[in-house]
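So the structure is just underneath, and the comments pick up after that.
The values are calculated or read from the model by the stated rules, or taken from the named source; none is laboratory data. Since this is a predicted model, take the numbers as computed values, not measurements. Every residue, glycine as well, gets a Cβ built from its backbone with ideal geometry; the counts of neighbours run over all protein chains shown. Remember, those area values only see protein heavy atoms, side chains included, never the ligands or the DNA or RNA. Shrake-Rupley method; radii C 1.70, N 1.55, O 1.52, S 1.80 Å.
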Amino acid sequence: MSRVRMTSDPVDVLVVGAGPVGLALALDVVAHGGTVRIVERRTDHRRPSRAMMVHPRTLEVLRPLGVVDALLARGDASPAADLHVGRRLVQVELGDLGWRGTAYPHLTMIRQLDVEEVLLAELHARGVEVEWGTGLDPRDGVPVSGTDGVRATVRSSSRAEQVDARFLVGADGTGSTVRQQLGIAWPGRYYAVEVVLADVELCGDVRPGRLQVAVGAEGLVFVFALGEGAPWRILATRPRRAGTPGLGEEPVPTEQLQELLDRAGLDAVVSRVAWSSRIPLQHRLAQRFSAGRVFLVGDAAHSHSPAAAQGMNSGIQDATNLGWKLAHAAAADLGPDSPLVESYQLERRPVARQVLALTDTVFTGEASPALLPRLVRGRLLPLVAPLMPWATSRRPLMSTVLWILSQGWVRYRSSPLSVDRDPGGSGPHPGDRLPETRVVCDGRPTSLHELTAQPGVHVLVSREAAPQPARVARNTMVHRLSSRPGTAVTAVRPDGQVGFRSPTGAGLENWLSLVGK
Ligand SMILES: Cc1cc2nc3c(=O)[nH]c(=O)nc-3n(C[C@H](O)[C@H](O)[C@H](O)COP(=O)(O)OP(=O)(O)OC[C@H]3O[C@@H](n4cnc5c(N)ncnc54)[C@H](O)[C@@H]3O)c2cc1C
């Protein structure tokens, strides 16, 4: 091992791992005034994408970070799908699905690589560069947590360095070194089915630009018009092949890819394979999301099947829950036992448990080799296929599905950061997501999400409320809603969850102190 050099200047947050979640976390920290270093053991940012879909809530939490326009420019916000069920073709439009409580009532098809590149570009614009080819080495043992910081050794091929940080975040994926170093248990299991991914050229019954979903008794096959190096990306499942779980990421022969398409009844021929891989899938939840000044986010904390497209979306929502808290805690000198810092694990671990239950249920339906799911896919769905165009055109149904997938239901009412001085009051409860609503602010028509689309805490003051201190200098913005009569005051956290409400504003200063302002 190379000799360890002492640290340069301490930082507020050391992020380990520059996948989508580590990048979002680093961006959230700097956007809220913290200093950050982000190390990544890969030497280059390019790798085959896994995630292909971003949900509305993820766009909402990323909006204050200034990246949503770039994401939408690279993605497809009005995707269309062809469902192949038995001999029937059902066409579904996934553009506006009718969820009125969001500015983004659609699924967004976008490659994980594009998400990462947009986040990287924004970090670069804010003066933060990822340190490629640099990482935590399991042989170095546990990062040392002191009373006011953490010391960790990061290594590249040429040097080793001790880094002092107020907090360390493991965004280092399912095999997380940070989680292992801390000895945090990782209960769960491998699925009996694995995912096959391939970027291919296809001839046959596939219309360019449309997501193809083929429903067969053996499982669903997705063909995205988002291949890398070839037009189409196949995502299919099959019983796991022999071999050690976790080491199975090798190419898949063309005839096996063709077999997967044939099995699902998709009338298409694989004419060229640009890249392929098979990936073991896990269903696991870390026993803790934090230990002292060290935190786990994203796949390091919870590992899902790809069903319902939750992994990256949930991880980014972890990141935007934690980043501002660590930036505020560093600025206000709050430690790991403060309600602000403790709230991350209290809020996000129960959500991860629910999301795991959701993905497990959907995955059983999509891919389980058990008799009942096979009968449903192979026999029942072809029978009800004629009803699908009707069902998918029902806005209340589709908007509910989108709300569930998007985690619009997430709320933290029992969090130590949720302070209700107006029980029984109208409007969102502390802990709930701030709904998107049209309002008038200082005579200007706008919406709540537009008003809160800047990093920081937002205080919404009703028309007759007493003046509140305009704490702009401390990244706290006060908005007077001329369209909201009365004297109530609501405070919104940087991640778009309501934190505080009061009939008069009394108690606001205490709440601001609680969140490190
Ligand atoms: C087939 C498939 C399809 C999917 N589709 C979707 C989807 O549509 N939508 C969705 O939301 N999710 C999807 N997911 C899940 C999504 O890909 C993951 O949840 C996401 O990549 C997690 O991001 P992350 O940043 O937490 O971890 P990762 O992307 O795994 O990034 C972790 C990073 O940490 C680095 N690292 C590891 N150890 C160290 C170390 N010791 N030091 C420094 N760096 C280290 C790694 O090199 C890596 O770059 C899919 C997953 C699969 C398998």
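Testing Leu72 on (1) at pLDDT 95 or above; (2) under 24 Å from Ile234 (Cα atoms); (3) in a loop (DSSP other than H, G, I, E, B), one condition comes back false. Which one is that?
Condition (3) is where Leu72 drops out.
Within the stretch 251-298, track down each residue that is open to solvent by 30 Å² or more (accessible area, probe 1.4 Å), over 19 Å from Trp232 (Cα atoms) and within 16 Å of the ligand (Cβ to nearest atom).
His283, Arg284
Would you check which residues across the stretch 201-241 are farther than 24 Å from Pro382 by Cα, at pLDDT below 95 and in contact with a Pro (Cβ under 7 Å, 6 or more places away or on another chain) and list them?
If the condition is that a residue be farther than 24 Å from Pro382 by Cα, at pLDDT below 95 and in contact with a Pro (Cβ under 7 Å, 6 or more places away or on another chain), then Ala225, Glu228, Arg240 are the ones that fit.
Would you point out the residue of the stretch 16-69, among those that are assigned to a helix (DSSP H, G or I) and near the ligand (Cβ under 10 Å from one of its atoms), that is surrounded by the most Cβ atoms within 10 Å (Cβ to Cβ)?
Checked the stretch 16-69; the qualifying residue surrounded by the most Cβ atoms within 10 Å (Cβ to Cβ) is Ala24.
Given the stretch 421-468, what strands (runs of 3 or more DSSP E) lie entirely inside it while holding 2 or more residues that are open to solvent by 60 Å² or more (accessible area, probe 1.4 Å)?
Hits in the stretch 421-468: 444-447.
In the same structural domain as Ala308 (by TED's automatic domain parsing), free of Cβ contacts under 8 Å to residues at least 12 places away in the same chain and either of a type in the set (Asp, Glu) or in contact with a Leu (Cβ under 7 Å, 6 or more places away or on another chain) (or both) - does that describe any residue in the stretch 69-92?
yes
Working only within the stretch 171-220, note down all residues that are within 25 Å of Glu255 (Cβ to Cβ) and within 10 Å of the ligand (Cβ to nearest atom).
Glu194, Val195, Val196, Leu197
Go through the stretch 388-418 and count every residue that is more than 18 Å from Val61 (Cβ to Cβ) and under 26 Å from the mean Cα position of the chain (by Cα).
11
If a residue must be open to solvent by less than 60 Å² (accessible area, probe 1.4 Å), under 24 Å from Gly265 (Cα atoms) and assigned to a helix (DSSP H, G or I), how many such residues does the stretch 365-402 contain?
14
Could you tell me whether Thr487 is open to solvent by 20 Å² or more (accessible area, probe 1.4 Å) and not in a loop (DSSP other than H, G, I, E, B)?
no
Among the listed residues Asp299, Asp337, Asp333, identify the single one that is in the same structural domain as Leu65 (by TED's automatic domain parsing) and either among the aliphatic types (A, V, I, L, M) or closer than 21 Å to Val61 by Cα (or both).
Only one candidate qualifies: Asp299.
List pairs: first residue in the stretch 189-201 and under 13 Å from Ser303 (Cβ atoms), second residue more than 13 Å from the ligand (Cβ to nearest atom) and not in a strand (DSSP E or B) anywhere in the structure, Cβ distance under 8 angstrom, at least six positions apart or on different chains.
Matching pairs, first to second residue: Tyr190/Arg240; Tyr190/Pro245; Tyr191/Arg240.
Taking the conditions exactly as written (open to solvent by less than 20 Å² (accessible area, probe 1.4 Å) and in contact (Cβ under 8 Å) with a residue 40 or more places away in the chain), does Ala301 satisfy them or not? Working first, answer last.
Numbers: open to solvent by less than 20 Å² (accessible area, probe 1.4 Å): yes; in contact (Cβ under 8 Å) with a residue 40 or more places away in the chain: yes.
Spelling it out, Ala301 is indeed open to solvent by less than 20 Å² (accessible area, probe 1.4 Å) and in contact (Cβ under 8 Å) with a residue 40 or more places away in the chain.
Taking the stretch 299-322, which residues are of a type in the set (A, V, I, L, M) and within 12 Å of the ligand (Cβ to nearest atom)?
Across the stretch 299-322, the qualifying residues are Ala300, Ala301, Ala307, Ala308, Ala309, Met312, Ile316, Ala319.
If Ala192 satisfies all but one of (1) in the same structural domain as Lys325 (by TED's automatic domain parsing); (2) open to solvent by 60 Å² or more (accessible area, probe 1.4 Å); (3) small (Gly, Ala, Ser), what's the number of the condition it fails?
In the conditions (1) in the same structural domain as Lys325 (by TED's automatic domain parsing); (2) open to solvent by 60 Å² or more (accessible area, probe 1.4 Å); (3) small (Gly, Ala, Ser), Ala192 misses (1) alone.
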